[in-house]
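The values are calculated or read from the model by the stated rules, or taken from the named source; none is laboratory data. In this text the structure is predicted, and so the values were computed from the model without any measurement. Cβ coordinates were reconstructed from backbone atoms using ideal geometry, including for glycine residues, and neighbour counts include every protein chain displayed.
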Amino acid sequence: MTLTEPAVADSEAAPAAPSEVPALAQPFVTSDSATVGRLFVVVSLLLGLGTSVVGALLSLGRTEVVDPADMFGGLNAYFRMWTLYRVSFMLLVVLPLLLGVAMAVVPQQVGAGNLAFPRAALASFWSWLIGALIVVVSVLAGGGWGAVDGVTGNESDAMALTLLGTAMVIVALLVGAVSVATTVISLRRSGMSLLEVPPFAWSMLVAAAAWLFTLPVAIANIVVIYADLRGRPAIAFGRAESPDIWLQLDWLVEQPAVYLMAVPVLGIAFEAVAAATGSRSSRPEAVTVIVGLFGLLAVGGWSQDYFTAPQDLRDGLVYVAFGLAATVPVAALAGGAAELVLRGPKSLDRLLDPRMVGAGAALKLLGAAALVGALRVIEPFDLLDTAATWAVFHGVVAAGLVAGVVALMTWPQRLSIRPVPAMVGRGTVLLMGAGASLLVLSDLISGFMSDARDLMALALDANVVLNVVNLVGALLLAAGLAGTAAALRPAPARSEAA
């Protein structure tokens with residue numbers, strides 16, 4: 001008895017029909033990769049909508065309309081939501097969204113009948129969902145990743161629960177990533193080499209490798225933090241009543257690890273442009289190298305500097321080189337996509353194809369993030385510990401979200417959803433692109449204007465005009481996500497379609 005399922009000859013073969021069980025029970029027992037992928041996509045989009053609303057409230061709190069601490073019930077509560085916004089967008093929204101798309105699309109791209117370890121893939125979804133609920137509930141109950149204004153005993157217990165939920169989420173994502181990577185490596189159809197794997201499937205293999213090299217480091221950090229929280233004060237690396245807990249995990253949402261969310265973006269954007277133009281690249285092996293390089297530059301964990309004080313690893317040559325080099329694969333992939341446009345038929349309809357518009361928006365946002373990231377590591381600009389950090393974060397997050405929407409428009413049949421109407425798809429990606437552009441721009445300008453070195457100074461920047469721009473950007477991003485979620489419809493059953 002094998003744990004993987006054999007490949008099939010036809011790369012477009014439909015996944016095996018689910019067993020005859022009640023419809024309500026399907027999400028709990030299914031081994032169909034499209035169903036599991038769709039579960040990830042739908043829930044991550046809903047969590048993304050909630051997270052974007054939190055971001056809008058955080059921005060509103062900085063506009064001086066209301067006191068931010070009073071809005072959430074105290075400075076600690078504001079800090080909890082500030083950190084939840086960042087962790088949630090990465091671990092509860094973008095990574096599971098792209099993983100869900102991969103679970104539905106990759107098996108058919110490589111000619112596999114289903115995912116490798118399909119039961120493990122289903123378990124990864126439910127483990128991720130339970131972990132996500134633990135994180136959200138524990139943060140609302142007073143937990144989170146550290147505090148700035150003292151901690152009570154109940155808050156300390158809730159923090160421990162937050163750490164447990166965070167570890168569950170990471171482990172679940174890694175299990176799902178292993179299932180996708182194994183499918184590409186072991187179940188691709190006979191005669192297909194890794195160099196012939198379609199760009200998106202290849203990008204997910206590279207992303208899975210980068211996740212496996214990086215996310216376990218975060219789990220190790222969580223183990224150390226838990227020991228701090230529960231152990232004797234003499235062995236504590238950081239104090240629960242300070243931001244020290246967050247400072248041991250903030251590297252996960254900063255360069256270079258923040259690019260973990262963007263590796264699949266390259267594959268999705270390239271394939272979406274190819275589908276919209278009907279053309280093929282003259283140098284497909286170049287795409288393989290470009291995506292592989294970007295995956296290498298996304299490996300993080302080594303860059304955390306909490307345990308290296310007074311030495312700051314971000315002043316080192318390696319950190320600077322990674323920050324500067326990240327612009328190269330993004331620019332190269334954009335050039336490859338431009339080649340597809342030039343080689344394909346020229347028409348206004350093709351240029352306005354929502355897949356084309358979305359792919360262009362995703363690459364521009366990722367390029368902007370990489371460019372700001374390069375500016376951050378150039379010492380004369382002195383942007384490392386300023387709001388420019390969050391410009392990179394917002395650009396990468398938005399690129400991942402837009403790429404996810406583009407994937408839904410490119411492969412609806414593989415996710416068993418109705419095709420997103422062209423007008424709706426074009427509108428949602430433009431809304432998210434415009435909102436993210438405002439977020440990136442306001443954060444970058446704030447970085448140049450401030451000399452903040454304190455977490456709360458970053459969180460409570462008093463520049464009202466820039467914070468209003470930030471609020472508008474957050475609202476546009478939320479509107480784009482709401483439009484995407486509202487447009488999702490399950491595909492009709494075969495009997496209905498007939």
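Quick rundown of the values:
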item: The stretch 325-348, residues that are in a helix (DSSP H, G or I), over 18 Å from Gly292 (Cβ atoms) and in contact (Cβ under 8 Å) with a residue 12 or more places away in the chain; result: Glu339, Leu340, Val341, Arg343
item: Verdict on Ala234 being part of a helix (DSSP H, G or I), more than 30 Å from Arg350 (Cβ to Cβ) and modelled with pLDDT under 85; result: yes
item: Matching residues, the stretch 366-382, being over 19 Å from the mean Cα position of the chain (by Cα) and under 24 Å from Gly295 (Cα atoms); result: Ala374, Leu375, Arg376, Val377, Ile378
item: Candidates Ile219, Ile185, filtered to the one that is closer than 29 Å to Ala359 by Cα, out of contact with any Asp or Glu (no Cβ under 6 Å at 6 or more places or on another chain), surrounded by fewer than 21 Cβ atoms within 10 Å (Cβ to Cβ) and modelled with pLDDT of 90 or more; result: Ile185
item: Complete set of residues in the stretch 134-160 that are in a helix (DSSP H, G or I) and either in contact with a Lys or Arg (Cβ under 8 Å, 6 or more places away or on another chain) or among the polar types (S, T, N, Q) (or both); result: Ser138, Val139, Asn154, Ser156, Ala160
item: Residue list for the stretch 468-492, restricted to those being under 9 Å from Leu439 (Cα atoms), surrounded by fewer than 22 Cβ atoms within 10 Å (Cβ to Cβ) and either in contact with a Gly (Cβ under 8 Å, 6 or more places away or on another chain) or of a type outside the set (Val, Ile, Thr) (or both); result: Val472
item: Some residue of the stretch 428-450 being touching a Leu at 6+ places or on another chain (Cβ under 6 Å), modelled with pLDDT under 90, not in a helix (DSSP H, G or I) and not hydroxyl-bearing (Ser, Thr, Tyr); result: no
item: Qualifying residue in the stretch 270-280 (condition: in contact with a helix residue (DSSP H, G or I) (Cβ under 7 Å, 6 or more places away or on another chain), closer than 22 Å to Ile170 by Cα and part of a helix (DSSP H, G or I)); result: no
item: Positions within the stretch 374-424 being polar (S, T, N, Q) and at positive phi, in sequence order; result: Ser416
item: Given (1) modelled with pLDDT under 85; (2) buried (at least 20 other Cβ atoms within 10 Å of the Cβ), index of the condition Gly55 fails; result: (1)
item: Test result for Leu351, over 26 Å from Ala436 (Cα atoms) and free of Cβ contacts under 8 Å to residues at least 12 places away in the same chain; result: no
item: Complete set of residues in the stretch 165-211 that are charged (D, E, K, R) and part of a helix (DSSP H, G or I); result: Glu196
item: Filter result for the condition that a residue is surrounded by fewer than 23 Cβ atoms within 10 Å (Cβ to Cβ) and not in a loop (DSSP other than H, G, I, E, B), over Ala391, Ala368, Ala374, Ala407; result: Ala374
item: Complete set of residues in the stretch 334-365 that are under 19 Å from the mean Cα position of the chain (by Cα) and buried (at least 22 other Cβ atoms within 10 Å of the Cβ); result: Gly358, Ala359, Gly360, Ala361, Ala362, Leu363, Leu365
item: Filter pass, Ser88 being more than 21 Å from Leu488 (Cα to Cα) and modelled with pLDDT under 90; result: no
item: Hits in the stretch 152-203 - residues which are touching a Phe, Trp or Tyr at 6+ places or on another chain (Cβ under 6 Å), of a type in the set (A, V, I, L, M) and within 24 Å of Ala272 (Cα to Cα); result: Ala177
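One line per residue, one yes/no per condition, for (1) buried (at least 17 other Cβ atoms within 10 Å of the Cβ); (2) at pLDDT below 85; (3) aliphatic (A, V, I, L, M):
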| residue | (1), (2), (3) |
| --- | --- |
| Ser242 | no, yes, no |
| Asp250 | yes, no, no |
| Ala262 | yes, no, yes |
| Val265 | yes, no, yes |
| Ala274 | yes, no, yes |
| Phe307 | no, yes, no |
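Per-residue answers, yes or no, for (1) closer than 30 Å to Glu196 by Cβ; (2) surrounded by fewer than 19 Cβ atoms within 10 Å (Cβ to Cβ):
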site	(1), (2)
Tyr78	no, no
Ser88	no, no
Gly100	yes, no
Trp128	no, no
Leu140	no, yes
Gly144	no, no
